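Structure first, then comments.
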Amino acid sequence: MCQYSAKNGLVGDWHKIHLGALVSGLPGLVMVEATGIVPDGRISIGCLSIEDDEHATAFKPIIEFAHSHRVKIGIQLAHAGRKGSTMRPGDDHKLAMVNEGGWKTVSASPLAFADYPIPNELTVSEIKNLINEFSHAAKRAIKSGFDVIEIHAAHGYLLHQFYSPLSNHRNDEYGGDFTGRTKFLLETVRSVRKCIPAATPLFVRISATDWIDGGWDINESTKLCILLKESGVDLVDVSSGGNLSNADIPNYPGYQVSLAKEIRMTAKIPTSAVGLITDPLQAEKILVNEDADAIFLGREMLRNPRWPLYAAKQLGVDIVWPIQLQRGKIT
């Protein structure tokens, strides 16, 4: 099972898991998405966490499977903040009560997302504790065999809730101006970087704009990414939106590519492009034009888990199909 990348050749895939291509010379990467660093950091009651050694060890069969196919595997460490404590997709209601496994959410400020409950404002000591939890989770992930660590700071989850002025109304050291609002993320990145091997790639996923006047924007993102590079980040996974439910977000193929390009050119850091990238020729063009250094696919892989086989054919690359599927190979 493979996906094509102009920069790095063939890379692997894993059904229902975020897929991407590395820029560090590795053969390929699959990514376990949004994994809670603590139980209350999950999005839903059905989401994964890596809160302790037992949970970390449970990932080993998946890691070993990826490695058996000569594919690298990463994990996206996350805290949902005020967008947490939901039910599972398909349940008959959205928000989880305590007796259903739900919890009281937290955020930068006591401001609700859409019709979610008002979260508790984190204290400075609680912020410091969560920075440690991100680091502990990263160490567990490395011990379990993950090859790449990604810090999820996008889509309106906790770290995004801090750096966006629309959700952070604090007046202490973790609020106010750009320096205060980005402090939580930068301290988390530096702490994680120190506790994982120097050779382990560290990615950060950001929302490059809130798509709302007065919100976080591409200029602040570029400024942030310069600091992320100085803090030891190897690649910025450039997405957008998610912090406000009423944002007017574009909806056309590759609508976020220009954001990845701007950050790549201005901050001088490798970026990945995501969002409505569905066609192999489209993905190839982004890489050939050097608008981004990698393509990450998520939803397109849900729609078609065998997309890499199709992409290889479209791009004229002859790959070995899984033995179970070889009768369907188009020659």
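Just so it is clear, none of the values below were taken in a lab; they were calculated from the coordinates. Computed from a prediction, not measured in an experiment: that's the story for all the values here. All Cβ positions, glycine included, derive from the backbone under ideal geometry; neighbour counts span all protein chains shown.
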Original post:
Tell me, how many Å apart are the Cα centres for the range 66-112 and for the range 179-241?
Top reply: 20
**OP:** Take the chain, drop everything but the C-alpha atoms, weight them equally and run the Debye formula without solvent; then report log10 I(q)/I(0) at 0.08, 0.12, 0.13 Å⁻¹ to two decimals.
**Re:** -0.35, -0.81, -0.96
Original post:
Using the Cα gyration tensor of the range 33-191, with a ≥ b ≥ c the square roots of its eigenvalues, what is the shape: rounded (a/c below 1.5), prolate (a/b larger than b/c) or oblate (neither)?
Top reply: oblate
Original post:
By counting other Cβ atoms within 10 Å of each Cβ, how are Ile249, Ile43 ranked from fewest to most?
Top reply: Ile249, Ile43
Subject >> Gyration tensor (alpha-carbon) shape descriptor, the range 99-236, a/c threshold 1.5 >> reply: oblate
**OP:** Could you pull out every one of the lysines with an alpha carbon less than 19 Å from that of Lys139, ignoring same-chain neighbours closer than 8 positions?
**Re:** Lys60, Lys72, Lys128, Lys194
**OP:** Report the extension gain between Leu302 and Ile118 in nm, rounded to one decimal, defined as 0.36 nm multiplied by the number of residues separating them, less their alpha carbon distance.
**Re:** 63.0 nm
Original post:
How much mean residue ellipticity at 222 nm does the chain get from its helices, if each DSSP H run of length 4 or more adds -39500 (n - 2.57) and you divide by all residues, to the nearest 500 deg cm²/dmol?
Top reply: -9000 deg cm²/dmol
Subject >> Estimated distance in nm for a label pair at Asp248 and His93, the labels positioned 7 Å out from Cα along Cα-to-Cβ >> reply: 3.5
Original post:
According to the square roots a ≥ b ≥ c of the eigenvalues of the Cα gyration tensor, what is the shape class of the range 166-281, taking rounded for a/c under 1.5, prolate for a/b larger than b/c otherwise, and oblate for the remainder?
Top reply: oblate
Original post:
Using modelled backbone amide H atoms (1.01 Å from N, in-plane), which distant-in-sequence or interchain residues come within less than 5 Å of Ile151's amide H?
Top reply: Leu77, Phe203, Val204, Arg205
